[in-house]
Amino acid sequence: MTLTNLTLTGQHVRLEPLTLAHADALAAASAGDPELYLWSPVPRTPSDAEKYIETALAMRDAATGVPFAVVRLADRMVIGSTRFFNIERWPWPAGHAEHNRPTPDAVEIGYTWYSPTAIRTAVNTECKLLLLTHAFEGWKVHRVCLHTDIRNQRSRSAMERLGCKFEGILRAHRMAADLIPRDSARYSITASEWPEVKTRLTERLTRS
């Protein structure tokens with residue numbers, strides 16, 4: 001399974017492997033409206049960006065994450081970041097058709113944020129289409145999960161527009177951006193639901 005050097009390219013954006021060379025560009029991308037980042041741990045300085053990237057690369061090296069820089073193709077600007085993480089490999093027994101499969105069984109998409117210039121554009125729709133297509137059609141996962149702070153109504157609405165199914169609230173699930181125990185809204189898409197979600201995303205992208 002390839003967790004490094006994975007690049008996903010669409011019509012509007014390219015998701016390229018996140019490296020320390022992206023630190024200054026990530027810090028620049030997060031400049032602007034602080035209201036966008038109330039619920040997400042977003043690096044605001046080059047030093048913070050280096051630490052953010054180092055944490056992401058440690059996740060990659062442990063084979064539990066695949067972090068990306070989001071690059072807008074029109075001007076080649078880094079406009080945010082996203083990643084696969086919580087990569088699950090299930091213990092299928094010997095003799096089962098899924099035993100020793102080389103790809104994940106399930107994965108989460110998260111750590112997603114964009115610069116103010118990317119909000120209300122085709123960027124998020126295409127990023128999710130690229131990531132979900134790779135997860136369901138490349139890795140052939142059974143489920144993709146997404147979580148967000150229960151207070152983040154903008155993110156919850158975006159997940160629902162994508163066609164994600166709300167599963168419930170995980171209490172004190174993670175540390176929040178404001179450093180309190182965070183209740184998370186959990187959403188997911190299963191492999192059987194993917195064709196309908198893909199059609200919805202493709203149609204939305206066509207209208208963008």
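Observations on the model:
- Rolling a 1.4 Å probe over the heavy atoms of the protein chains gives the chain an accessible area of 50 Å² per residue.
- Relative packing of 86-92, 47-53, which averages over residues the other C-beta atoms within 10 Å, highest first: 47-53, 86-92
- Expressed per residue, the C-alpha convex hull volume of the range 1-59 stands at 114 Å³.
- By the rule of a C-alpha distance below 29 Å, with chain neighbours fewer than 8 residues away ignored, the lysines paired with residue 198 are 128, 140, 165.
- One equal scatterer on each Cα of the range 1-111, no solvent, Debye formula: the resulting log10 I(q)/I(0) at q = 0.20 Å⁻¹ is -1.07.
- For residue 10, the residues whose amide H sits under 5 Å from its own are 15, ignoring neighbours fewer than 5 places away on the same chain, with H placed 1.01 Å from N.
- Between the alpha-carbon centres of the range 135-197 and the range 66-112 there is a gap of 14 Å.
- Residues residue 54 and residue 92, FRET efficiency given R0 of 30 Å [Cβ-Cβ distance, rounded to 0.05]: 0.35
- MRE, 222 nm, helices only [DSSP H, n ≥ 4, -39500 (n - 2.57), over the chain, to nearest 500]: -8500 deg cm²/dmol
- Paramagnetic reach from residue 160 (point 7 Å along Cα→Cβ, amide N under 11 Å) across the range 25-41: none
- Surface composition of the range 29-157: carbon plus sulfur atoms hold 56% of the accessible area, using a 1.4 angstrom probe and ignoring ligands, DNA and RNA.
- Of the two radii for the chain, the radius of gyration is 0.95 times the Kirkwood radius, both from the alpha carbons; that is the Rg over Rh value.
The values are calculated or read from the model by the stated rules, or taken from the named source; none is laboratory data. Only a predicted model underlies this, so the values are computations on that prediction, with no experimental measurement involved. All Cβ positions, even for glycine, are placed from backbone atoms using ideal geometry, and neighbour counts span all protein chains on display. The accessibility values were calculated without ligands, DNA or RNA, using every heavy atom of the protein model including side chains. Shrake-Rupley method; radii C 1.70, N 1.55, O 1.52, S 1.80 Å.
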